[in-house]
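Just below is one structure, and these are the notes that go with it.
Values quoted throughout were computed directly from the atomic coordinates according to the rules given, and no laboratory measurement underlies them. Predicted model only: the values in this text are computed from it and were never measured. Backbone-built Cβ (ideal geometry, glycine too); neighbour counts: all protein chains shown.
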Amino acid sequence: MTITTPLFNDLVAHAIASHGGGSPEQLSVCDNSSEYQPNGFQNNTNPQSNLAAIFKTMANLSQTALEGPAILSQIFGIYVFVSYFCGVQIGPIFDARGPRGLMLIGSAFLLIGTFTLGLCNEYYQFVLAFSILSGIGNSFLFTPAMGAISHWFHERRGEASGFAFTGSGFGGVLFPLMIQSLLPQVGWAWSTRIVGFVFLLLCALSVILCRSRLPPKRGAATSWRDMVPDPRIFKDGTGTMAVTTAGVFLLEWAYFIPVTYIPSYYLTRQGLLEGGSVSGAAAFAYQLLAILNAVSCFGRYLIGYIADKKGRYNTMIVSNLICFAAVMGLWLPDALADAPPSKALLITFVVVFGFASGSNISLMPVCVGQLCTTHDYGRYYASAYTVASIGCLTGIPIAGNLITSTGGGRRGYWGVILFTGLSYVTAFACFLWVRIRVKGWNIRTVW
C-alpha cells in the first residue's frame, strides 16, 4: 500500500474544518509446476491499496483547530492494522471457498467507508468510516486477490505479483492528482464521493477478473477447521515460517517510516512550515513521494521478474541489503551533515530506496508462498500478515517518538533513520537465515 501519515492528518483536519470544526489553514515448497496454467495476469485492478494514498494531496492545507497530530495518526495506524489483522480469518476461508464472495463483501465495506467519509466531522467517525470500515474492506479485497495470484502462477509468480502491485504505485501518483483537482471545484464531501464511484468501477472489475483456479471445497472435503486460523504452521520443526514472519514484521516496521516521513523531513531540512502551502519550495516535499511511488512501480515489477529467475528469497535478501545501504549511506549522511547538502543526495536516496523497496511490497507474499502448498497459501499469507499488522500499528508511533526524543530538526532525524536501518538489517538476517536453513550456503542455488 502506498500511504503517508502526516498528509493523512492534514486531510482529516481539513475535513473536520469543512464541517465547522475549525479553520483549514515447508520446505517442500509449492506444487508441481505442471499444475499451473498460463492464464495471464488476472488480478491487477485492486483499488483499496490506493485509498490512503489519496490523502497525500492535502498537504497544501494550513493548520486547523484540531491539535495533536499523534492522535490523528492513530486513524491511519488503526486502518493498516485492521487491513492486515483481519486476514487471519479471511485467508483460511479463501483456501476453502475461493475469492469472489470475500471480494464482494470487501467491496461493500470499502464503498460504504469511502462514501461516508465525506460526512465525518468527529474523530470517532473517521475511525469508524476510514479505519474500521475501509480497513475491513481492504482486508477482504487484498488477501484473496494475492491468494488468487498464487493459484494461477508458479514459475512466474514473482513477476505476476510485481505486475499486480504496480497498480498501487500508479494509484499513489494518480489519485492524489485527481483529488487535488477536485477539492477546489466540488469540495471535500463530493471529492470523496467521486473517489467512491471510481472505487465502485475498480471493485467491479476486480470481482469479475479475480477467480480461483482451484475449486471450492465442499461436503466431506472440508469442515469448519479448514476455515479457522491454525497456529501450528509456525511450529513446523524448522522455524522457517516463524522466522520469515519475523522478517515480514521488521520490513513493515522499516518500509513505512521513509514513506511516511520523507515529506516532513524535507520541510524540516529546508526550514519550511509543515502543513503550509504546497506552492513554491514546499511543493517539492510532496513531489518526492510521487518520485518514490513512480520508481517503486518499476521496482515492484522488475524485482519480481528477477526473483523468478534468480530466486525469491535470494532477491529479497539482496533488496533488503540495498534498502539498508540506501538508508544508512544516503539518508543518514544527509541528516547529519553540518549544513543541508544539495537536494541531489536526498533525491538519490528516494530513487534508490523507491526501487529496492519494491520488494518489500511485491516479494513478501511470494516468499511466504515458498513455504507451503498452493491449497494452504491463504492461511500462510494471512497468518504472516496478521503478525505484521502489529508492526504497522507500532512502527510509525515509535518513529514519531524517536524524532521527538532526539530534539527534532533535521539532525534530530538520526534516531528514526538508525531505527529504520536496524530494522532492515535484522530483516535481512531473517531472510538469509531461512535461505541457508532450507538450501544451504551455495549462493548459486536458485530459491
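How large is the Rg to Rh ratio of the range 137-217 when both quantities use alpha carbon positions and Rh follows Kirkwood? Walk me through the numbers on the way to the answer.
On the way: Rg = 15.9 Å, Rh = 14.7 Å.
With Rg and the Kirkwood Rh in hand, the quotient comes to 1.08.
Based on a Kirkwood Rh over C-alpha pairs, give the Stokes-Einstein translational diffusion coefficient of the range 334-382 at 37 °C and viscosity 0.692 mPa s in µm²/s.
Numbers: Rh = 13.6 Å.
Once the numbers are plugged in, D ends up at 241 µm²/s.
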Over the range 262-360, equivalent-ellipsoid semi-axes from the Cα gyration tensor in Å: 29, 15, 8
Positive-end extreme of charge dipole, the range 234-349 - chosen from Thr244, Leu302, Leu288 (charges on Cβ): Leu302
Along each principal axis of its Cα atoms, how long is the range 302-366 end to end? Whole angstroms, biggest number first, please. 43, 17, 15
Alpha carbon centre of the range 100-139 versus the range 420-437: separation in Å? 35
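Show me 102-109, 344-351 ranked by packing, highest mean number of other Cβ atoms within 10 Å first. Walk me through the numbers on the way to the answer.
Working: 102-109: 21.2, 344-351: 17.5.
For the peptides 102-109, 344-351, the packing ranking is 102-109, 344-351.
Given the range 321-447, report the % of alpha carbon pairs whose separation exceeds 19 Å. Don't skip to the answer; put the middle values down first.
Details: 4842 of 8001 pairs.
Roughly 61 percent, rounded to a whole number.
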